[in-house]
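Note sheet for the following structure.
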Amino acid sequence: MSSSRSGDTAQTLILIGLVLEAVEVAVLLGIGLLFLIVPLAGLLALSFAAIGIVWVFLVYLFSYVRVREGDYEGARTPTLVFAILSLITIGLISGILYLIAYVKLGDAAWEAQQRSAWAGATPAAPAPPGLGPKTCSRCRTFNDASSIYCRSCGASLA
Ligand SMILES: [Zn+2]
């Protein structure tokens, strides 16, 4: 407890001056840190951008192109991997979209399988038995004449 009134005033003035200078130091420190961080942040942003370019290329190649070419089964696993990697990194929305796409690819692959099974059910001109390779009536895979079951789908070739 100060006994002098002037002493109290001096103490207050010194405190205000000290706080102002501390604020100035803090501002200078902030500016200094900003200049330290900004070039680094720029470098980081460029690095992430470079990874992003490779990433976009991979998603395009293994998911998009395969789906476009009708290879739903082949696109499924890469799409799931991309979905998980997007979800645990920064692409939350993309991750969710890839995940939905993965489920849809499962449906598409199943539908394609059903379609080919249905197409295979339409009778083809029968090859003479024992002559030449046997064509599977279900999936149209060529099998040896001696085959009993299709080497691709396992259907009976009798
Ligand atoms: Zn078959």
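The values are calculated or read from the model by the stated rules, or taken from the named source; none is laboratory data. On a predicted model such as this, the values are computed, not experimentally measured, just so you know. Positions of Cβ are generated from backbone atoms using ideal geometry, with glycine treated the same way; all protein chains shown enter the neighbour counts. With ligands, DNA and RNA removed, areas are computed over all heavy atoms of the protein, side chains included. Shrake-Rupley method; radii C 1.70, N 1.55, O 1.52, S 1.80 Å.
Residue check: is Leu28 over 33 Å from the mean Cα position of the chain (by Cα) and assigned to a helix (DSSP H, G or I)?
On the way: over 33 Å from the mean Cα position of the chain (by Cα): yes; assigned to a helix (DSSP H, G or I): yes.
Here the answer is yes, as Leu28 does meet what is asked.
Can you tell me how many residues within segment 132-158 are open to solvent by 70 Å² or more (accessible area, probe 1.4 Å) and more than 10 Å from the ligand (Cβ to nearest atom)?
Number satisfying all stated conditions: 5.
Restricting the first residue to segment 70-97 and requiring it to be in contact (Cβ under 8 Å) with a residue 12 or more places away in the chain, which pairs with a second residue that is open to solvent by 60 Å² or more (accessible area, probe 1.4 Å) and outside any helix (DSSP H, G or I) meet a Cβ separation below 9 Å and a spacing of at least six or different chains?
The qualifying pairs are Ala75/Glu69; Gly95/Thr89.
Kindly indicate whether Ile100 is open to solvent by 80 Å² or more (accessible area, probe 1.4 Å), at pLDDT 85 or above and not aromatic (Phe, Trp, Tyr).
Working: open to solvent by 80 Å² or more (accessible area, probe 1.4 Å): yes; at pLDDT 85 or above: yes; not aromatic (Phe, Trp, Tyr): yes.
Spelling it out, Ile100 is indeed open to solvent by 80 Å² or more (accessible area, probe 1.4 Å), at pLDDT 85 or above and not aromatic (Phe, Trp, Tyr).
Taking into account only those residues within segment 70-92 that are outside any helix (DSSP H, G or I) and either within 13 Å of Ala109 (Cβ to Cβ) or not assigned by TED's automatic domain parsing to the domain that holds Val103 (or both), which is modelled with the highest pLDDT? Before you say what the answer is, go through the steps one by one.
Our first condition is that a residue be outside any helix (DSSP H, G or I); within segment 70-92, this holds for 70-71, 89-91.
Next cut, either within 13 Å of Ala109 (Cβ to Cβ) or not assigned by TED's automatic domain parsing to the domain that holds Val103 (or both) only: 70-71.
On the way: Gly70: 82, Asp71: 86.
Per the criteria, the residue is Asp71.
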